[in-house]
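Contents: one structure, followed by commentary.
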Amino acid sequence: MAREKKTERRRSRTRVPVASRAADIRKSQRAQEKKNRKPDRMSIVGMTVIVVFVLLMLVIIAVPLRNYYHGRSEIARLNESIAAKQDEKDALLEEIDKYKSEDYIKQEARRRFGVVEQGETAYRILDPNIQPDNQVTTNSKEQEDSRPWFEVLWDSVAQPPEEEAPAGESHHLPIEPAPEESGDVR
């Protein structure tokens, strides 16, 4: 029995089972076929998967980029608005400083109210062409109109203005008469 075991061991060491030889041959043939085989054209399903993947990646990238550029443009617009408001603020501060000035107050009092300082003489220049009846200002003797304002407004629009200028005297520039067409054609 011991002898039989020794011989079995020797046989198993030197012999390769038949099933494993066939498997090795098949593996080597498959490897040769893969090397020699040209890649198949991609199927429609494969192309669709690739296109969907690319579109998905574009959408994933495009939305944040659009938000980023929109935010940047909004920031630029707001910075311009801030600069404009700052300029307006500076102009208003200068105007406030101008109104606080004593010289400006004196100048406006002279211009608006006709204030004259002590020792100065005020002169008023009158236009000789102004006639007292053509003045725009109202006389204190005239009566105030007691109608409501909308009636006064409607009457001023509805009624044509009255002509007060004499027929011979006109304040408009003269208009040259159009040249008369003669029957002579040369």
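Details
- Within the stretch 104-119, residues that are assigned to a helix (DSSP H, G or I) and modelled with pLDDT under 90 reach partners that are open to solvent by less than 90 Å² (accessible area, probe 1.4 Å) and not small (Gly, Ala, Ser) with beta carbons closer than 6 Å, at six or more positions or on different chains, in the pairs Ala109/Val115.
- Just one of the listed residues (Ile125, Ile82, Ile96, Ile75) is at pLDDT below 95, assigned to a helix (DSSP H, G or I) and either open to solvent by 80 Å² or more (accessible area, probe 1.4 Å) or among the hydrophobic types (A, V, I, L, M, F, W, C) (or both), namely Ile96.
The values are calculated or read from the model by the stated rules, or taken from the named source; none is laboratory data. Given the structure is predicted, the values throughout are model-derived calculations rather than measurements. In this analysis, Cβ positions are derived from the backbone assuming ideal geometry, glycine residues included, and neighbour counts consider all displayed protein chains. The accessibility values were calculated without ligands, DNA or RNA, using every heavy atom of the protein model including side chains. Shrake-Rupley method; radii C 1.70, N 1.55, O 1.52, S 1.80 Å.
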